[in-house]
Amino acid sequence: MTTQKNSNLLSNELLERRYSTHIERRKTRSVMVGDIGIGSEYPVSVQSMINEDTLDIEGSTAAIRRLHEVGCEIVRLTVPSLSHAIAVGEIKAMLKKTYKPVPLVADVHHNGMKIALEVSKHVDKVRINPGLFVFSTPDPNRNEFSPEEIETIKRKIVLNFEPIVNSLKKQNKALRIGVNHGSLAERMLFQYGDTPLGMVESAMEFIRICDSLDFHNIVVSMKASRPPVMLAAYRLMADTMDKEGFNYPLHLGVTEAGDGDYGRIKSTVGIGTLLSEGIGDTIRVSLTEAPEKEIPVAYSILQTVGLRKTMVEYISCPSCGRTLFNLEEVVSKVRDATSHLTGLDIAVMGCIVNGPGEMADADYGYVGKGKGIIALYRGRDEIKKVPEDQGVKALVDLIKDDGKWVDPES
């Protein structure tokens with residue numbers, strides 16, 4: 001009897017955790033990137049990357065400013081040469097002079113020790129790609145490595161990586177170990193195949209080096225262009241780090257997601273799924289579009305899973321034969337009148353049958369009550385009925401009466 005009771009309790013606990021509507025984030029350490037904290041003690045932050053050549057000082061500065069002004073909290077730029085690394089210092093100075101300091105990340109790739117050492121003076125975080133760190137031209141006929149060759153490569157990695165780690169440690173700056181599925185090192189492909197395990201082992205090799213040097217300002221990413229690969233890699237990475245006692249935050253992204261609706265859907269499937277599981281501390285939506293267009297998508301994902309509240313959330317039914325007004329038109333009017341507000345949930349429901357129940361968690365509701373009549377709700381309570389042509393104004397007045405209204409910016 002006792003065993004059965006304990007079994008039932010365990011089942012209930014598992015069910016409660018599985019079907020909870022509250023996201024319990026994986027506990028991660030805090031890593032500061034400028035004045036933005038990455039980790040479970042901070043809101044999930046939003047990143048993007050400029051397209052400009054970093055040697056274009058004015059163009060890069062303007063691009064960083066544009067991104068920051070639309071809500072991007074951390075901005076990355078590419079640093080393929082020593083000249084680019086030096087230019088980052090000028091960009092940082094120009095930002096400070098003409099705008100404000102912005103948290104910056106330098107993307108360093110092939111054989112980048114000298115570049116990383118220089119650019120670390122000017123940025124808040126350096127990103128390296130383990131697959132390209134000790135870079136050689138791939139040999140299509142190469143399908144094996146001897147143990148001696150593998151050890152030689154490992155020693156070379158440590159030799160090149162230690163100075164970067166020590167520099168970042170001395171400056172109390174951050175490192176992103178950014179693995180890409182499409183650029184795994186030949187050695188990793190030979191040992192583990194083109195798999196999420198290969199991606200994880202690639203990152204863990206660099207994490208263990210950092211740990212041996214007592215450096216822990218680390219963020220890790222496991223990006224792939226296909227969400228199933230990306231999901232498997234991040235889940236395995238989180239599990240592997242947790243088992244080895246590394247609580248480093250994760251940077252989420254579906255790389256090369258494409259453009260338009262499909263790119264947005266791919267990003268939402270990958271990033272949103274992991275966030276819903278409590279995995280992820282900072283995100284970047286990668287679209288083949290102007291970087292500024294990535295930011296609304298990122299915040300929409302965060303709002304949809306309930307991790308940040310940066311805009312009005314609209315709840316509306318799909319419409320049916322019971323709908324008592326032009327739902328699409330009314331939703332558009334309500335959105336036009338209220339979209340500048342922050343943190344409210346507003347429901348627009350076509351009829352009384354499901355309306356009050358489906359919108360029970362909303363702050364305000366606009367519901368068809370009868371032909372030409374709208375019922376306005378505050379939470380679950382019906383406040384008043386008004387003619388349909390007065391509905392939107394009456395909703396705005398109700399929000400104003402509650403002290404939750406702010407005038408839109410000019």
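The values are calculated or read from the model by the stated rules, or taken from the named source; none is laboratory data. Quick caveat: nothing in here was measured; it's all calculated off a predicted structure. Glycine also receives a Cβ, built like all others from the backbone with ideal geometry; neighbour counts cover every protein chain displayed. The area values use the complete protein model at the heavy-atom level, side chains included, leaving out ligands, DNA and RNA. Shrake-Rupley method; radii C 1.70, N 1.55, O 1.52, S 1.80 Å.
Would you check which residues across region 95-114 are open to solvent by less than 70 Å² (accessible area, probe 1.4 Å) and either under 20 Å from Val179 (Cα atoms) or part of a helix (DSSP H, G or I) (or both) and list them?
Leu95, Leu104, Val105, Ala106, Asp107, Val108, His109, Gly112, Met113
If you scan region 352-383, which residues turn out to be crowded, with 19+ Cβ neighbours inside 10 Å and in a strand (DSSP E or B)?
Correct list: Tyr364, Gly365, Tyr366, Val367, Gly368, Ile374, Ala375, Leu376, Tyr377.
Looking at region 169-193, which of its residues are among the polar types (S, T, N, Q) and at pLDDT below 95? Write out each step before concluding.
The initial filter retains those residues of region 169-193 that are among the polar types (S, T, N, Q), namely 171-172, 180, 183, 191.
Passing the criteria: Asn180, Ser183, Gln191.
Scan region 68-89 for residues that are buried (at least 17 other Cβ atoms within 10 Å of the Cβ) and of a type in the set (Val, Ile, Thr) and jot them down.
Ile74, Val75, Thr78, Val79, Ile86, Val88
Within region 297-317, is even one residue more than 30 Å from Leu252 (Cβ to Cβ) and either open to solvent by 60 Å² or more (accessible area, probe 1.4 Å) or in contact with a helix residue (DSSP H, G or I) (Cβ under 9 Å, 6 or more places away or on another chain) (or both)?
Here is the first cut: in region 297-317, the ones more than 30 Å from Leu252 (Cβ to Cβ) are 317.
Then drop every residue that is not either open to solvent by 60 Å² or more (accessible area, probe 1.4 Å) or in contact with a helix residue (DSSP H, G or I) (Cβ under 9 Å, 6 or more places away or on another chain) (or both), which leaves 317.
Yes - at least one qualifying residue is present in region 297-317.
Does at least one position in region 47-61 carry a residue that is open to solvent by less than 20 Å² (accessible area, probe 1.4 Å), part of a loop (DSSP other than H, G, I, E, B) and either under 21 Å from Phe215 (Cβ atoms) or modelled with pLDDT under 95 (or both)?
Checked region 47-61: no residue is open to solvent by less than 20 Å² (accessible area, probe 1.4 Å), part of a loop (DSSP other than H, G, I, E, B) and either under 21 Å from Phe215 (Cβ atoms) or modelled with pLDDT under 95 (or both).
Would you point out the residue of region 234-247, among those that are out of contact with any helix residue (DSSP H, G or I) (no Cβ under 6 Å at 6 or more places or on another chain) and in contact (Cβ under 8 Å) with a residue 40 or more places away in the chain, that is surrounded by the most Cβ atoms within 10 Å (Cβ to Cβ)?
Among them, the one singled out is Ala238.
For Thr21, which of the numbered conditions (1) at pLDDT below 80; (2) in a helix (DSSP H, G or I) fails to hold?
All conditions pass for Thr21, except number (2).
Among the candidates Val331, Val348, Val392, Val386, which residue alone is farther than 30 Å from Gly253 by Cβ, among the β-branched types (Val, Ile, Thr), open to solvent by 10 Å² or more (accessible area, probe 1.4 Å) and touching a Ser or Thr at 6+ places or on another chain (Cβ under 6 Å)?
Values: Val348 fails: open to solvent by 10 Å² or more (accessible area, probe 1.4 Å); Val392 fails: touching a Ser or Thr at 6+ places or on another chain (Cβ under 6 Å); Val386 fails: touching a Ser or Thr at 6+ places or on another chain (Cβ under 6 Å).
That would be Val331, the only listed residue that is farther than 30 Å from Gly253 by Cβ, among the β-branched types (Val, Ile, Thr), open to solvent by 10 Å² or more (accessible area, probe 1.4 Å) and touching a Ser or Thr at 6+ places or on another chain (Cβ under 6 Å).
Could you list, in sequence order, all residues of region 270-305 that are among the acidic types (Asp, Glu) and either in a helix (DSSP H, G or I) or under 24 Å from Thr342 (Cα atoms) (or both)?
We begin by selecting, within region 270-305, every residue among the acidic types (Asp, Glu); these are 277, 281, 289, 292, 294.
Asp281, Glu292, Glu294 - these are the residues of region 270-305 that are among the acidic types (Asp, Glu) and either in a helix (DSSP H, G or I) or under 24 Å from Thr342 (Cα atoms) (or both).
Are there any pairs with C-beta distances below 6 angstrom linking a residue in region 259-273 that is over 15 Å from Met222 (Cα atoms) to a residue that is among the hydroxyl-bearing types (Ser, Thr, Tyr), with the two at least 6 apart or on different chains, and if so which?
Hits for this filter: Asp259/Thr288.
Here are some residues: Lys92, Lys27. Which one is outside any loop (DSSP other than H, G, I, E, B) and either open to solvent by 40 Å² or more (accessible area, probe 1.4 Å) or at pLDDT 95 or above (or both)? Working first, answer last.
Numbers: Lys27 fails: outside any loop (DSSP other than H, G, I, E, B).
The match here is Lys92.
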